[in-house]
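Only one structure is covered here, and it is reproduced in the block below.
What follows is calculated from the coordinates using simple rules that are stated; it is not laboratory data. These figures come from a predicted structure and were not determined experimentally. Neighbour counts are summed over all protein chains in view; Cβ atoms, including those assigned to glycine, are modelled from backbone coordinates with ideal geometry.
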Amino acid sequence: MAARALVVQHLEVEGPYAIAGALAAAGVEVVVYRADLDGAPPALDGFGALVVMGGPMAAYSDDGFPTRRAELDLLAEAVREGIPTLGVCLGAQLLAHATGGRARPGTGLEIGWGPIILTEEAGSDPLLAGCPRDQVVVHWHGDTYDPPPGAVRLASSPRYPEQAFRAGERAWGLQFHIEMTPEAVERWFPGDVGEPDSGGVVAGAPGALAALAPVRAAVLGRFAELVATGPGR
């Protein structure tokens, strides 16, 4: 039986994009659950991976985020059980909070294409090993996190020192948006409704996405392969 991945999505436009593509290419069934529409996500029984996407809510407050506590419990269980887990932006903050770290307000917005710098520890990470040290990715956040005890710090940016971490052996938090594709850019910034191009994301997309593509493929492909070959529940 093919492995199944549960993707928790909080906002219509903030889908899994390249993450879903990598999982599907590895033969993993992707089940997207819209927490904003359907409430608390389901139990992990029958799923071999957990992916928690971004959103405008605060990982440290229940205000406007009725599924927060259920998602924290789900992430804690996934890490405890060794289920491959990926948290993106809000999902990374939730992962940190769920595993003994702390999500908190940041020092201001970090929006648009911008750099991250991989740490020395990233050189031996199962997902990031071999990736160039400097990358340009999409940032879109004002909150940040303090990593959980024992976490491996994997990336930073000039504005925010915490950009990626690994909790345990099989759970990763990415503050930035590695999942971006041309479709994602188009959906985040639909020109027909006059959405402003915050941070120059649209203008910079062709070159930045082309440069990011091999790294995105490597990182997400490794995660997908981990899911595809790992033990199910």
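Checking the a/c ratio against 1.5 first, then a/b against b/c, what shape does the Cα gyration tensor give for the stretch 1-126? Let's see the in-between values first.
Details: a/c = 1.41, a/b = 1.12, b/c = 1.26.
It comes out rounded by the Cα gyration axes.
Select from the chain the helices, each a whole stretch of DSSP H, whose alpha-carbon atoms run 18 Å or more along the helix axis and whose Kyte-Doolittle mean is at least 0.5; answer none if there are none. Could the numbers behind the result be given before it?
Working: long enough: 68-81 (20 Å, -0.46); 201-229 (38 Å, 1.36).
The qualifying helices are 201-229.
List the relative contact order of the stretch 4-229 as a percent without decimals, with contacts defined as Cα pairs under 8 Å and 6+ residues apart.
Details: 480 pairs, mean separation 50.7, N = 226.
This gives 22 percent for the stretch 4-229.
Only four residue types carry charge here, +1 at the Cβ of Lys and Arg and -1 at the Cβ of Asp and Glu. Report the dipole size of the chain about the Cα centre in Debye, rounded to the nearest 20. Each step should come with its number before you reach the end.
Values: 16 positive and 28 negative charges, 109 e Å.
For this selection, approximately 520 debye.
Whose amide H sits under 5 Å from the amide H of Val51, counting only residues 5 or more places off or on another chain, with H placed in the peptide plane?
Leu6, Val7, Val8, Leu86
Using +1 at the Cβ of each Lys and Arg and -1 at the Cβ of each Asp and Glu in the chain, identify which of Leu127, Gln175, Met1 lies farthest towards the dipole's positive end.
It is Leu127.
In whole Å, what is the distance between the alpha-carbon centres of the stretch 30-103 and the stretch 1-28?
14 Å
Where a ≥ b ≥ c are the square roots of the eigenvalues of the C-alpha gyration tensor, would you call the stretch 114-164 rounded, which needs a/c under 1.5, or, failing that, prolate if a/b is larger than b/c, or oblate?
Numbers: a/c = 2.28, a/b = 1.14, b/c = 1.99.
Oblate, because a/c is 1.5 or more while a/b does not exceed b/c.
Just rank Asp143, Asp62, fewest to most, by other beta-carbon atoms within 10 angstrom. Don't skip to the answer; put the middle values down first.
Details: Asp143 21, Asp62 11.
So the ranking, lowest neighbour count to highest, is Asp62, Asp143.
With 10 angstrom as the radius, rank Met57, Met1 by how many other C-beta atoms surround their C-beta, starting from the fewest. Working shown, then result.
On the way: Met57 22, Met1 7.
If I rank by nearby Cβ atoms, fewest first, I get Met1, Met57.
Of Thr181, Thr229, Thr99, Thr107, how do they rank once you tally other Cβ atoms within 10 Å and put the fewest first? Write down the numbers at each step before the final one.
Values: Thr181 19, Thr229 12, Thr99 25, Thr107 9.
Ascending Cβ contact count within 10 Å gives the list Thr107, Thr229, Thr181, Thr99.
Taking Cα centroids, how far is the stretch 154-189 from the stretch 115-130 in Å?
13 Å
Let me make sure I get this right: for the chain, a, b and c are the square roots of the gyration tensor eigenvalues over alpha carbons, sorted descending. Under 1.5 in a/c it's rounded, otherwise prolate if a/b > b/c, else oblate. Which is it? Before the final figure, lay out each step's value.
Working: a/c = 1.23, a/b = 1.18, b/c = 1.04.
Rounded.
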